[in-house]
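The structure under discussion appears below in the form of structure tokens.
The values are calculated or read from the model by the stated rules, or taken from the named source; none is laboratory data. Just so it is clear, the model here is predicted, and its values are computed rather than measured. Glycine gets a Cβ as well: all are built from the backbone with ideal geometry, and neighbour counts include every protein chain shown. All accessible areas refer to the heavy atoms of the entire protein, side chains included, with ligands and DNA or RNA removed. Shrake-Rupley method; radii C 1.70, N 1.55, O 1.52, S 1.80 Å.
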Amino acid sequence: MARNPDSGETSAVQTIGLIGGMSWESSAAYYQQLNQGAEKRLGGYSSAKTVMASVNFAEVTELGQREDWDGVADILAEAARGVEKAGADFLMLCTTTFHRVAEQVEAAVDIPLLHLADVIAGEAKANRVEKLALIGTKFAMSRTFFTERIASHGIEVIVPDAEKHDRINSVIYDELVHGRVLDPSRRRMVELIDGLWDRGAQGVILGCTELELLVEQADVEVPLFPCTTLHVNAALDRALG
């Protein structure tokens, strides 16, 4: 039981299991937002109950580049079993790209996985959005594992033209994962988002935690769907009841 020091009330709080390290910047954002959210919702000295296993980003990235997704799944499944043993009630992957193996990871444990694509789809439906655009890593944009999961909920998903994927990927991997937030890249990303709006997108998914460091709602007119923020809010809804 967790006590709200201001109200004197108690409530059951679930422990959130986090698989992080993809990148550490992303994991830090998840941890910070979960605790800030718990404090805001519960007040006083409240924080989120979490356990985290952080994997080596270089290792899983190399395996992914070699298309060894079974190898990636093995690493993340081992991490999932670790947080389950540590007392997690449900699981989150602090990443979009590595949701490529989400089903394999969930199958390795006896606790549920809060799938990011399901969260995004739920938010779109709540806002009566029928067509979304996704920007993220080149892998996430060029493959269908994430967009098809969203589409299974009846939401159409488009991505930027293929010739723009390398530039977006470079901003993520060469700048943002190293904590470099550059104004020229922000301007180019805003132009890209505006172009997706012109193509009929009613909202744009910031499909990589690091992109939330670069672009905010104040920068664009089209509604943004920031993956980390939405994922965290859904986790807090579940954990705090």
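Between the residues Leu116, Ile75, Ile19, the greatest Cα displacement towards the positive end of the dipole of the stretch 13-135, with unit charges on the Cβ of Lys, Arg, Asp and Glu, is found for Leu116. A convex hull fitted to the Cα coordinates of the stretch 45-171 yields 142 cubic angstrom per residue.
Principal axis analysis of the Cα atoms in the stretch 66-140 yields extents of 39, 33, 16 Å, listed in decreasing size. Per residue, the accessible area of the chain comes to 47 Å², computed with a 1.4 Å probe over protein heavy atoms only. Each Lys and Arg contributes +1 and each Asp and Glu -1, all at the Cβ; summed about the Cα centre of the chain, the dipole is approximately 380 debye. Among the lysines of the chain, pairs that are 8 or more positions apart or on different chains and have alpha carbons within less than 24 Å of each other number 4.
Averaging the sequence gap over all C-alpha pairs within less than 8 Å and six or more residues apart, then dividing by the number of residues, gives the stretch 171-241 a relative contact order of 30 percent.
Working ranking of peptides 186-196, 60-70, 130-140, 29-39 by packing, defined as the average number of other Cβ atoms within 10 Å per residue, highest first, is 130-140, 29-39, 186-196, 60-70.
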